[in-house]
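All remarks here apply to the structure that follows.
Here, each number is a calculation from the coordinates, and none is a lab measurement. The shown structure was predicted, so the numbers you read here are calculated from the model rather than taken from an experiment. When we count neighbours, we look across all protein chains shown, and the Cβ atoms used for this are built from the backbone with ideal geometry, even at glycine.
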Amino acid sequence: MNYVDLLTADHDVITDGQVPLSKVGVRSSLKYGGIKMSIITTTAIVEINQTANNFLSSIVLRVNNRSLDVKSIIGLSVTLITSNEYHLEIHGTDEEEAKKQMVNVFQKHGLKVELI
């Protein structure tokens, strides 16, 4: 079962703790740092983060002259919400499989991504 650690819905407020992802309602919305996110965006963030954490490779997202570790859900959350162009840089022993799965998870959620 998938769990949301930092992004759990409770009447439009982020709370701490673990809640099964299936319990976060489809019509819910979340607020994080004053930014309101739809549950679809939250699901995308969690799935992208979980996919990245399945690999040993370094997975870096380059957006607007910034670089962030995709394995960090906090940085990923703010970046995915505020940008629409994504560039992934992946290096490591399992990079080929990581590239395939990362592109797939971005595309699954309608996010355009380019490997660099």
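Which far-off residues, 5 or more places away or on another chain, put their amide H under 5 Å from the one on TYR86, with H placed in the peptide plane?
Sorted by chain and number, the residues that satisfy this are GLU114.
Output ³J(HN,Hα) for region 42-49: one whole-Hz value per residue in order, computed from phi by the Karplus curve 6.51 cos²θ - 1.76 cosθ + 1.60 with θ = phi - 60°, and x for Gly and Pro.
After applying 6.51 cos²θ - 1.76 cosθ + 1.60, I find 5, 4, 4, 4, 5, 5, 5, 4 Hz.
Count neighbours as other Cβ atoms within 10 Å of each site's Cβ, and list the GluC sites (Glu not before Pro) in region 72-112 that are DSSP loop with at most 16 such neighbours.
Of the GluC sites (Glu not before Pro), the ones in loops of region 72-112 whose Cβ has at most 16 other Cβ atoms within 10 Å are GLU85.
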